[in-house]
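Chemist: Questions regarding the structure given below will be posed in turn.
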Amino acid sequence: AAWLSGKTRPMEYRVAQLEALGRFLDEKKQDILEATALDMGKPSFEAYFTEILLCKNELNNTLNNLSHWMKDEHVDKNLVTQLDSAFIRKDPYGVVLIIAPWNYPIHLFLVPLIGAIAAGNCVIVKPSETSKNTERLVAEVLTCYLDNDCFAVVTAGMQETTRLLENKFDYIFFTGSPSVGRIIMTAAAKHLTPVTLELGGKNPCYVSDICDVQNVARRVAWGRFFNAGQTCIAPDYVLCSVEMQEKLMPALREAITEFFGSNPQESPDFGRIVGDKQFRRIQALLCSGRVAIGGQTDEKERYIAPTVLADVLPSDPAMQEEIFGPILPIVVVASMDEAIDFINARPPPLAIYAFSCDSKVVNQVLERTSSGGFCGNDTLMHVTLTSLPFGGIGNSGLGKYHGKFTFDTFPRLRGCLHRNMGLEALNALRYPPYSQQKLGMLTATFEIKRKGMCTLL
C-alpha cells in the first residue's frame with residue numbers, strides 16, 4: 001500500500017531516509033562494534049572499516065550524486081522524432097527484498113538498502129539469523145530511523161525465509177552461498193521476479209616467481225586472515241611454483257607473527273569463527289596437504305589459528321569447497337600457463353588475484369581468465385572503490401553493485417517517447433495504403449547508417 005501511494009518517489013523523501021541511515025551509523029557505532037564482536041570476535045578496527053566507514057562512503061557518494069542519477073536521460077532521435085522528447089526514466093521496481101549474510105552483517109544489507117532507497121523503492125530487509133546479536137540490533141534499532149510504512153526488518157530462520165519467499169516481490173537482492181542462491185532464484189522464477197545474487201567461490205591467487213616475497217606475504221596474509229578468513233573475496237588458495245612456495249613460507253610466517261604475535265589466539269586483532277557448525281566444517285579441511293604454519297584449534301572459543309597448508313592437491317578437501325575461514329592452501333604449478341589452465345578448469349570466481357613485478361604477467365592472468373573482479377598485486381582492495389562494479393559471474397553470482405552500480409540495480413530503465421500532438425502530415429508515410437514510394441521515404445528517415453559509409457546521389 002505504501003508503494004502504491006507513491007510516497008517513496010520524491011527526491012526529498014529519498015534523501016531524508018538516506019540521511020537517517022547516516023544517523024544510524026553515527027549514533028549506533030558503538031552498538032555495531034559490540035554486536036559484531038559478540039557474534040564473531042570481530043576486531044573493532046575491522047568492524048569500523050567494513051561496517052561503518054565503507055557504508056558511510058557509499059551513503060555520502062549516493063547523497064552527493066542522487067539528483068544527477070535520478071534525472072531522465074535524454075537519448076538520440078531519428079529524423080521523424082526530432083521535435084519530440086525521447087528519454088529513459090529510472091522507475092523504481094516497487095517492493096524489494098534484501099537477504100543479508102552473517103559475515104559482514106551491517107555492510108551487506110546496508111549497501112544494497114542505500115541503493116534501493118535511492119532508487120525510490122520500498123524495502124524488506126532480512127538480516128542473517130546466524131549473527132544473532134547484530135540481527136537483534138538491526139531489528140530493534142533500524143526501524144527507529146526509517147519510515148516504517150515503507151521499510152521493514154524481518155527476522156527469520158530457514159523455515160520462515162522459505163515462507164517469506166513464497167510472496168511476490170518486485171526485486172530480490174541476495175548475498176550468500178551458491179547453493180542457497182539457487183533456492184532464491186527458483187523461488188523468484190515462480191513470480192518472474194528479477195534478482196541480484198552475490199555469491200562466493202574459490203578465489204585463486206597466482207604468485208609469479210618474479211615478485212617482492214615479503215610484500216606478497218603481507219598482502220595475501222592480510223586478505224586471507226581479515227575477519228578470520230570469513231570474507232567472500234578473500235584469496236582462497238595460492239598457485240605458485242615449488243621454489244616460490246619455499247620462499248613464501250618463512251615470509252608468511254613472519255607476516256602472521258607481525259600481525260597477530262607469536263600466539264594469535266591472544267591477539268585482539270584476530271577474530272573467531274561465527275558458529276559451531278562453521279567451526280567444525282573448517283576444522284575438517286585441515287587434513288589437506290601438510291600444515292606448514294598454524295593448525296591449532298580451540299572449539300570452545302571457535303578459534304582456528306591463521307594456517308597455511310603446503311603441497312595441497314587439487315583432490316584434497318580444502319580444494320573442493322570455499323574455505324571461508326583462516327586457512328590458506330598452496331597448490332604447486334609449474335608455470336603461469338598451468339596456473340591459468342587450473343583457474344579456467346573451475347567455475348569463474350568472485351575475484352582473481354595475481355602478483356608479479358612484471359606487469360605483463362599480471363595482464364596475462366587478467367586477459368586469459370574470467371571472474372567477477374580482479375586485483376593485481378594486492379587483495380581485497382578493489383572492493384573499497386565505489387567507482388568499480390562489484391559482483392560475480394556464473395557460479396559466483398549475477399548482477400553488480402557499489403556506488404552508482406548500486407543505484408542502477410534498483411530502478412528499471414523505462415524507455416519513453418513523448419510526441420507532438422500536431423504535425424500529423426509527418427506520420428502519413430507509415431499509414432496504409434502502402435506504396436514503394438512511402439517505403440523508400442520511410443527508409444530514408446528511419447535508417448541508421450554505418451559510420452564511414454557514403455551515399456552516392
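Chemist: Longest span of the chain, sites excluded, free of GluC sites (Glu not before Pro) in DSSP loop with at most 10 other C-beta atoms within 10 Å?
Modeler: 167-446
Chemist: Restricting to the chain, compute how many DSSP beta bridges are antiparallel as a %, nearest 5.
Modeler: The answer is about 35 percent antiparallel.
Chemist: Distances over 28 Å make up what percent of all Cα-Cα pairs in the stretch 311-457? Present the calculation step by step, with values, prior to reporting the outcome.
Modeler: Numbers: 5487 of 10731 pairs.
In whole percent, the long-distance tail amounts to 51.
Chemist: Right, here's the next one. Once every DSSP H run of n ≥ 4 in the chain is given -39500 (n - 2.57) and the sum is divided by its residues, what mean residue ellipticity at 222 nm do you get, rounded to the nearest 500 deg cm²/dmol?
Modeler: -11000 deg cm²/dmol
Chemist: Of 174, 399, 88, which is farthest towards the positive pole of the chain's charge dipole, taken about the Cα centre with +1 and -1 on the beta-carbons of Lys, Arg and Asp, Glu respectively?
Modeler: 88
Chemist: Let me ask something else. Averaging sequence separations of C-alpha pairs under 8 Å and six or more residues apart, then dividing by the length of the stretch 204-391, give the relative contact order as a whole percent.
Modeler: Values: 347 pairs, mean separation 53.0, N = 188.
Reported as a whole number, the value is 28 percent.
Chemist: In whole percent, what relative contact order does the stretch 376-457 give with Cα contacts below 8 Å and a gap of six or more residues?
Modeler: On the way: 38 pairs, mean separation 10.8, N = 82.
This gives 13 percent for the stretch 376-457.
Chemist: Compute the relative contact order of the chain as a whole-number percentage, counting only Cα pairs closer than 8 Å that sit 6 or more residues apart in sequence.
Modeler: Computed value for the chain: 19 percent relative contact order.
Chemist: What label, among (i) 62, 52, 50; (ii) 67, 60, 47; (iii) 85, 59, 38, belongs to Cα extents along the principal axes in Å computed from the structure on display?
Modeler: (iii)
Chemist: Same structure again: On the full set of protein chains, 1.4 Å probe, figure out the accessible area of residue 257 and give it in Å² to the nearest 10.
Modeler: Here the accessible area works out near 70 Å².
Chemist: Now for a different question. Expected output is a single nm value to one decimal: the length gained when fully extending between residue 26 and residue 320, i.e. 0.36 nm times separation in residues minus the C-alpha distance. What is it?
Modeler: On the way: separation 294, 0.36 × 294 = 105.84 nm, distance 4.13 nm.
Gain on stretching residue 26 to residue 320: 101.7 nm.
Chemist: Averaged per residue, what accessible area in Å² does the stretch 214-319 show with a 1.4 Å probe, protein chains only?
Modeler: Accessible area per residue: 40 Å².
Chemist: On a C-alpha basis, how far is the centre of the stretch 325-392 from the centre of the stretch 158-230 in Å? Whole number, if you could?
Modeler: Comparing the Cα centres of the stretch 325-392 and the stretch 158-230, I get a distance of 16 Å.
Chemist: Considering only protein heavy atoms and a 1.4 Å probe, what is the carbon-and-sulfur percentage of the accessible area of the stretch 232-327?
Modeler: Values: 2040 of 4130 Å².
Whole-percent figure for carbon plus sulfur exposure: 49.
Chemist: Something else: Using the Cα centre as the reference, give the magnitude of the dipole from point charges on the C-beta atoms of the chain (Lys, Arg: +1; Asp, Glu: -1; all else neutral), rounded to the nearest 20 debye.
Modeler: 1680
The values are calculated or read from the model by the stated rules, or taken from the named source; none is laboratory data. Note that the structure is a prediction, hence the values are computed from the model and not measured. Here the Cβ is made from the backbone with ideal geometry for all residues, glycine too, and neighbour counts use every protein chain on show. The area values use the complete protein model at the heavy-atom level, side chains included, leaving out ligands, DNA and RNA. Shrake-Rupley method; radii C 1.70, N 1.55, O 1.52, S 1.80 Å.
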